Every structure is written in structure tokens, then in C-alpha cells.
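Peer 1: Before I ask anything, here is the structure I am working with.
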Amino acid sequence: MTAPLHIGLLVFPKLTQLDLTGPLQVFSRVPGAQVHLVWKRIEPVPSDAVLALLPTTTFAACPQLDVICVPGGAGADDMVNDVETLDFLRHQAAGARYITSVCTGSLVLGAAGLLDGYRATCHWSALPLLAAFGATPVATRVCTDRNRVTGGGVTAGIDFALTLAAELAGRPAAEMIQLSLEYNPAPPFQSGSPDTAPPEIRERLETLIAPSRARRRSAVEQAAARLAPRAPA
């Protein structure tokens with residue numbers, strides 16, 4: 001009997017639910033996969049929208065994961081300095097086949113010391129902050145560097161999950177999952193990237209999110225200062 005493939009997605013307060021639910025929909029269809037939603041306690045966890053998520057296991061009870069995935073969102077700014085969460089990620093990473101994230105979840109991996117020396121991506125608004133953790137920021141939808149697989153902002157989580165599904169189960173299985181989900185993007189506007197959005201739209205959004213970017217930068221600086229100094233290149 002083939003052992004199940006354990007895939008764990010971290011759940012935490014104020015995560016962006018699509019960062020998690022997009023990959024979750026893909027991973028739940030990977031043959032042989034057993035998917036876990038992991039948090040400190042079994043209790044409803046509020047997302048950054050109206051949806052609350054119920055973990056299926058705790059840090060203490062979680063089995064060794066083959067894949068650990070960290071979503072992003074405003075709550076990730078708290079997780080970069082949450083010692084219990086960072087310890088859990090380091091513990092799981094030691095035995096995991098793939099260490100992954102979506103959006104600003106890569107900052108949490110970085111704060112755990114898991115991206116030092118790796119290329120990685122995240123939401124465009126936070127991409128430069130990865131360098132504080134010794135990572136090389138890459139502006140792309142999905143970035144794969146050895147067993148680190150990171151996705152860009154929010155909707156890139158589906159691209160990320162399909163990419164990883166192909167690694168786990170083969171391209172035909174991943175393509176069948178894509179077809180079953182009818183994942184065939186045709187956005188009504190070309191404003192999904194800072195490179196293609198009209199300048200006035202980008203300017204308005206950057207003004208709107210400036211306070212949250214400042215809070216994130218402060219959290220990352222605090223987290224980076226806690227890590228042991230890296231050896232000179």
C-alpha cells in the first residue's frame with residue numbers, strides 16, 4: 001500500500017484566503033494526497049475576508065509533511081515574528097520534500113531562515129523585502145529553486161500549485177487537474193501586474209497600501225535582525 005502524500009498548508013489569522021484556497025483546490029485533487037490545514041489550535045481562524053477557516057490538525061499533532069506551504073496576507077506580517085510558528089516551519093522543513101509559499105508567505109519562510117541562498121518570489125509590493133533574509137528576489141509568477149517553490153501574489157497560487165502538482169504526480173495529472181478546474185484565465189483588464197497596469201491605477205493603489213507596506217517593512221526588519229548573521233559570500 002502506497003503511503004499518503006502529506007501536504008500541509010499553514011493557517012493563521014488574517015491570511016488572504018485565496019492564497020490558501022486556490023492551492024488547496026489543486027492539492028486536494030493530487031492522486032494520493034492527504035491535505036492538512038495546520039495551526040496552533042483547532043479553532044476557527046479568521047481570514048482577511050469574511051471567510052473563517054477551520055484547521056484540521058495542530059502543530060503538535062501534525063505528521064511529517066512532504067510539502068509545507070505558507071500563504072500570505074496581512075497576518076503574515078505577524079507570523080514573521082511568531083516564534084512558535086517559525087519553529088514549527090523549521091522542524092517540518094528538515095524532513096519535507098518541498099518547502100513552499102504563496103504571496104507574502106515567502107517572507108515567513110525567510111524569517112524562519114529557510115530561503116537564505118535561494119531565489120524566491122512573492123507579491124510585487126513586498127518583493128524587495130526578501131533580500132533581508134538572504135534570498136534573491138525574482139519577479140515571476142512561480143519561482144522554483146531546488147526544493148523551494150514560491151508563488152507570486154494571490155492568484156499566482158493556482159499557477160504555483162499546478163506547477164508543484166506536476167512535480168508530485170506528473171504533468172498529465174496536473175493537466176487533468178487544470179482541466180477539471182477549467183483554469184483558463186482571461187482577465188477583463190490588463191491591470192494584474194505593475195508592469196501592465198495603467199500608471200494612474202498603480203499610483204492610486206500604492207498610495208492606498210503605503211501604511212501596510214510600512215508596517216510590513218518594520219516587521220521584516222525586526223525578523224531579519226533576529227536571524228544569526230550570514231557568513232560572507
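What follows draws every value from the coordinates through simple rules; no lab data is involved. Keep in mind that this is a model prediction, so the values were computed, not measured. Neighbour counts are summed over all protein chains in view; Cβ atoms, including those assigned to glycine, are modelled from backbone coordinates with ideal geometry.
Peer 1: What FRET efficiency, computed as 1/(1 + (r/R0)^6) with R0 = 25 Å and r the Cβ-Cβ distance, is obtained for Trp124 and Asn81, rounded to the nearest 0.05?
Peer 2: Once rounded, the FRET efficiency stands at 0.65.
Peer 1: Assuming 0.36 nm per residue, please report the length gained on full extension of the stretch Thr136 to Leu181 beyond their Cα-Cα distance.
Peer 2: In short, 13.0 nm is gained.
Peer 1: What distance in nm separates the simple spin-label points at Ala197 and Asp48, each placed 7 Å from Cα in the Cβ direction?
Peer 2: Distance between label points: 1.2 nm.
Peer 1: Follow-up question, since we're still on this one. I'm spelling it out carefully: the read-out is mean projected area of the Cα convex hull in nm², the candidates are (i) 12.2; (ii) 13.5; (iii) 19.9, and one was derived from this structure. Which label?
Peer 2: Label of the calculated value: (ii).
Peer 1: Using just the helices of the chain, give the 222 nm mean residue ellipticity in deg cm²/dmol: DSSP H runs with n ≥ 4 each add -39,500 (n - 2.57), and the total is spread over all residues, rounded to 500.
Peer 2: For the chain, the value works out to -11500 deg cm²/dmol.
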